Amino acid sequence: MEELEEEILLRFPPHEPALFVHAMVVCKRWQRIVSSPAFLRRFRELHRTPPMLGFLCNIAEGNSSAAFVTTVTQEFSSGNLGDCRALDARHGRVLLKCPGSSKNFLLVWDPMTDEHQELSLPVLRRYTYDWNAAVLCAARGPCDHLDCCGGPFLVVFVGSGSGEAFICTYSSDAGTWSELIATELATDAVSLMPSVLVGNALYFGFLIRKSLLKYDLESHEMSVIGVPHTLNIWKHVALDGGVGLATVHESKLCLWRKAGPEVDAGWTQDRVIELEPLLPGDAFLTSPDVVGCADGIGVIFLGARLVLFTIDLKTYEVKKVCKGRNC
């Protein structure tokens, strides 16, 4: 019955986008249904957590450059992004560091529309040892981030040097960088690992002295959070609405959670996942390493011998998503 067609189409699996292309060529009525904004909105609301259709990674082969790798059966987009390096991806946008004619610049890219905007790096007027940046939606009022592409965005720039850490922000509405704010609580080099957004706070990692830098997007305050010294190689991740840490130790994926919302609250081990039953045997010829996470959907990336795996923290399902490249 026609009145049930839309209800059936709404229940197509979101991780197989090519099915909608097939549906659109069945007849003009189905094409109108599938392409209508009302259907897209209902589809997003029904499935809520979006699937991971692909990921951006930096390929360390000669000069490191960003590449898009699809994880669906039917390839819809892939390839290299020139000489640019991916820094962050969130709320439908990608932040890239690209070489320019005279100096590096940032590029905010919408992969769905291929629209992009170049941003000059902020003028810091102070020595910068290392820096990183994040991108996120800047919509006024509540936003579920289901279709906020094309709206205002915010870029947060964090750097370190001369015994301090500092942050400034770029608003697409204002079109300028904000004044610099700084703290003397951190003296380490900022890590190039991507930021993690938890609630209204962004978290950045530091390299030498094990710590995280928390930046509150509402109060514009910074604070430094210590990391357990028992962890050697770790990545900060989002865990069920809170900030966490992930590391591999003796063939086990160890997840740590902040004991409380306070800055000085300690860390507790959340769970330990045995990797030997999940990964192929040759993955342990060299120790696997946590190389990143997919923000908001509970997926951890593990690298082992030029092979990249994902592990779903809800189902413990493991997938091989890239092979033969140093991601």
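Nothing in this text is a laboratory measurement; each read-out follows from the coordinates by a stated rule. Predicted model only: the values in this text are computed from it and were never measured. Using ideal geometry, Cβ is built from the backbone for each residue, glycine included, and neighbour counts are taken over all protein chains shown.
Return the long-range amide H neighbours of Ser65 (sequence gap of 5 or more, or a different chain), with a cut-off of under 5 Å between placed amide H atoms.
Ile59
Using alpha carbon centroids, what distance separates segment 3-65 and segment 230-278, in Å?
Value for the Cα centre distance between the two parts: 32 Å.
Given an 8 Å cut-off on Cα distances and at least 6 residues of separation, report the relative contact order of the chain as a percent. Walk me through the numbers on the way to the answer.
Numbers: 657 pairs, mean separation 27.9, N = 327.
With pairs under 8 Å counted, the relative contact order is 9 percent.
Holding the Cα-Cα limit at 23 Å, pick out from Lys97/Lys323; Lys258/Lys323; Lys210/Lys252; Lys97/Lys314; Lys210/Lys258; Lys258/Lys320 the pairs that are longer than that.
Over 23 Å Cα-Cα: Lys97/Lys323; Lys258/Lys323; Lys97/Lys314; Lys258/Lys320.
Would you mind ranking Ser172, Ser211 by Cβ crowding within 10 Å, fewest neighbours first? Mind showing how you got there, number by number?
On the way: Ser172 14, Ser211 19.
By the 10 Å Cβ count, ascending: Ser172, Ser211.
Helix-only estimate, please: 222 nm mean residue ellipticity of the chain, summing -39500 (n - 2.57) across DSSP H runs of length 4 or more and dividing by its residues, to the nearest 500.
Details: 4 runs with 35 residues, N = 327.
Taking each H run of at least 4 residues, the total per residue is -3000 deg cm²/dmol.
Excluding residues fewer than 8 places away in the same chain, name every one of the lysines whose C-alpha is closer than 25 Å to that of Lys28.
none
Checking a compactness column here: for the chain, what do you get for Rg(Cα) / (2.2 N^0.38 Å), N being the number of residues? List each step's numbers first, then the result.
Details: Rg = 20.9 Å, N = 327, 2.2 N^0.38 = 19.9 Å.
Taking the Cα Rg and dividing by 2.2 N^0.38 Å, one obtains 1.05.
Once all Cα-Cα distances of segment 1-48 are split into 10 Å bins that start at 0, what whole-number percent is in each one?
26, 65, 9
Over the alpha-carbon set of segment 230-327, work out the extent along each principal axis and list the three values in angstrom, largest first.
Cα extents, longest axis first: 42, 26, 23 Å.
Taking H placed 1.01 Å from N in the peptide plane, check which residues at least 5 places from Leu239 or on another chain put their amide H under 5 Å from its amide H.
Residues meeting the criterion, in which the H sits 1.01 Å from N, are Gly244.
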